[in-house]
Structures are given as C-alpha cells and as structure tokens.
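Structure record follows, encoded as structure tokens.
The values are calculated or read from the model by the stated rules, or taken from the named source; none is laboratory data. Since we're looking at a predicted model, the values are computed, not measured. Virtual Cβ from ideal backbone geometry, glycine too; neighbours counted across all protein chains shown.
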Amino acid sequence: MTKIIFLAIFPLTILSCSKDKVIPYSGLNCSDEISFSEDVLPLINQNCTGCHNNQNGYSLTNYDNISTNSKAIIGAMRGNNYQLMPKGGPMLPDSLIEIMECWVNQGKLNN
C-alpha cells in the first residue's frame, strides 16, 4: 500500500516544482550571450508594448514582468497553447522568437 501511495504522490511532487525551473528550448544555437537591455527589451518594445503596457492586460514594460511572463510571451509568439501574438499576426520571424528562447535558456539574465 505504501508503494502505491508513493507512486501516486511522487510524480505530483516533481511536477509541482517545475514552474521554478528554467526549461530549455531544445534545438537552439545560443552561442552568443543575449542581453536583456540590448536584445530582449527592444524586441518587446517594438512588438509587444504597443498593447501590453501598463494599461492593457500583461504589462511588458520592465525586466520583472518580462522575466515572470517569459513562457507565456514565447507561447504567444509561437501560438503554442496561447493566442498568437502580435494580435492579428503575422507571426514574428523565428530569428526574433529565438532571441527570447535563448535568453530564457541562458537564465533570463538582467543584463
């Protein structure tokens, strides 16, 4: 009986901690360090903050908000389980989305 309970609870324990981990995007060539201030923030400012500012839904105007919502941002950029953004399309080029993915892979540095 103890073994059955362990087998039922153990996977839940592992999954409950996954939100705290950086889950890498596979297949990327992230050889260059991505800078938040020089790469990520301009990308977000140019493509997202027209709608996602301090007034409308997600606020993507600073490091904390972008870092916290990075999974949702990439999901929306790719249209994976999120509404495709920018709203009304077209989807951003893979090269821009990969900047975000590499930044996440590199630990979401505030640099």
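Conditions tested, residue by residue: (1) out of contact with any strand residue (DSSP E or B) (no Cβ under 8 Å at 6 or more places or on another chain); (2) surrounded by 10 or more Cβ atoms within 10 Å (Cβ to Cβ); (3) at pLDDT below 95.
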| residue | (1), (2), (3) |
| --- | --- |
| 5 | yes, no, yes |
| 12 | yes, no, yes |
| 35 | yes, yes, no |
| 48 | yes, yes, yes |
| 63 | yes, yes, no |
| 82 | yes, yes, yes |
| 95 | yes, no, yes |
| 100 | yes, yes, no |
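So, in the stretch 84-93, of the ones that are surrounded by fewer than 17 Cβ atoms within 10 Å (Cβ to Cβ) and touching a residue at least 12 places away in the same chain (Cβ under 8 Å), which residue ends up nearest to residue 30 (Cα to Cα)?
Only one residue tops the list, namely 91.
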